[in-house]
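Quick notes on the structure that follows.
The values are calculated or read from the model by the stated rules, or taken from the named source; none is laboratory data. Just so we're clear, the structure is a prediction, and the values are computed from it rather than from any experiment. Ligands, DNA and RNA are stripped out before the accessible areas are found, and what is left, the full protein with its side chains, is counted by its heavy atoms. Shrake-Rupley method; radii C 1.70, N 1.55, O 1.52, S 1.80 Å.
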Amino acid sequence: MDAKNFISERGASLKPSAIREIFKYSGDPNFISFAGGYPDPDVFPIERLKEVMTEALDKYGKKGLQYSATEGVPELRRYLVDFMAEHENVKGQGEENIIITTASQQSLFLVGLVLIDPGDVVLVEAPTYLGALSAFDPFGPEYVSVPTDENGVIPEKLEEIVRDLKKQGKRVKFLYVIPTFQNPAGYTLSLERRKRLVEIAEREDFLLVEDDPYSYLVYEGERPPCIKSFDTSEHVVYLSTFSKTFVPGFRLGWIVANKDIIRRIAIAKQGADLCTGAFMQYVTYLYMQKDYFFDHIEAMRKIYKVKHAAMLEALDKYMSDIPGVYWSKPKGGFFVWLVVPEQVDCDQLFDKAIENKVVYVRGSAFFANGQGKNTARLNFSQPKVEDIDKGIKILADVIKQTINK
Ligand SMILES: Cc1ncc(COP(=O)(O)O)c(C=O)c1O
């Protein structure tokens with residue numbers, strides 16, 4: 001049997017993720033890995049979950065172990081409507097505006113399925129989350145990258161690009177944006193730009209798909225309001241997830257959007273998985289009700305704050321004397337973005353880092369248009385504090401050797 005004869009054109013066109021390919025190194029205990037994007041498993045609230053899961057079985061066992069509504073269990077859905085109003089300042093939403101998903105990766109896929117026609121322009125940040133590109137790819141969008149700086153998407157560039165695309169007769173469907181502690185760059189869209197983006201999207205009539213997994217993991221300053229909180233015309237499709245604020249293993253996220261869009265997403269979700277696991281939704285609902293959620297976020301922030309500081313200190317200590325090397329200074333999240341001089345042979349740099357048992361993700365994986373050869377994403381949530389210092393020193397030495405070649 002030759003599998004090639006059976007795989008569809010679409011199936012054959014799917015590309016493996018650059019992150020999966022480096023799993024073999026990042027899972028090896030002899031390596032210092034800056035490649036992951038996972039929470040530190042030591043922060044998982046296992047003891048509290050034992051208590052909450054037993055209670056969930058007692059209270060919701062029969063409903064929780066059964067199939068459930070595609071849109072999510074009513075208790076959690078209702079809770080999230082109130083949560084959005086109280087904590088995100090997203091008011092006036094009803095249950096018809098919200099759907100619970102099998103975490104944000106599914107949200108992205110369903111959003112792609114429901115919104116993208118082949119050839120539609122999808123605007124993305126440069127760089128952007130590569131998992132979003134994998135989720136949208138099967139629907140055949142034309143990606144156009146919008147330049148960003150440390151304050152996120154540059155509105156003037158966005159306006160220029162949209163105007164040019166319109167002149168070419170092209171339809172912009174949406175801008176996909178991770179406004180807070182972005183993956184991969186760690187950038188945060190400024191308050192003023194959040195408002196500008198909504199204005200531009202309304203005026204030019206395209207959607208903003210706002211992906212917000214990291215905003216609670218703030219280590220410096222205040223948590224910025226989500227873009228959706230400035231949306232008065234339903235141009236924002238808001239995605240969030242419990243993966244980074246609670247546990248990724250439950251695979252739970254949600255989307256808030258116009259009710260007709262949510263309805264279409266629910267129909268698409270029926271075909272994908274019928275429903276997200278009800279038991280995990282009830283466990284999460286009880287966990288939220290007990291106020292463990294914010295408690296746990298405080299505990300996580302303390303741990304990640306130390307790692308964040310260790311990463312920025314190590315970069316300062318070992319890399320500030322390397323000409324042409326610079327990095328982002330995120331105020332939260334999981335990632336720092338490293339830029340090395342353009343003349344550095346980045347394939348060689350990556351191979352040498354691997355030889356020295358340090359692994360990161362090459363930045364080019366995060367661009368829709370093949371840019372970013374001289375960039376790298378460095379994760380600080382997973383490595384141990386002492387390994388952060390050690391690994392950055394090794395990486396600095398490898399960069400110096402590669403520059404001096
Ligand atoms: C920006 C962004 N969006 C979505 C996801 C997917 O997360 P999940 O499916 O666990 O909610 C991630 C995961 O790292 C991410 O960084």
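Brief remarks on what is shown
- Within the chain, DSSP assigns beta bridges of which about 50% are antiparallel (rounded to the nearest 5).
- Annotation: amide H-H contacts under 5 Å for Leu208 (H modelled 1.01 Å from N, sequence separation of 5 or more, or interchain): Leu175, Val236, Val237.
- Relative contact order of the chain, pairs being alpha-carbon contacts under 8 Å that are 6 or more residues apart, as %: 24
- As a length-normalised measure over Cα pairs under 8 Å and 6 or more apart, the relative contact order of the stretch 36-121 settles at 20 percent.
- Largest-first ellipsoid semi-axes for the chain, taking √(5λ) over the Cα gyration tensor eigenvalues, angstrom: 33, 27, 22
- Normalised contact order of the stretch 123-177, rounded percent, pairs of Cα under 8 Å and 6 or more residues apart: 45
- Accessible solvent surface per residue of the stretch 46-293, calculated while the other protein chains remain in place, 1.4 angstrom probe, Å²: 39
- Mean-position separation - Cα centroids, the stretch 321-352 and the stretch 60-128, in angstrom: 35
- Reachable lysines, given that their alpha-carbon falls under 18 Å from the alpha-carbon of Lys50 and they are not under 8 places away in the same chain: Lys59, Lys290
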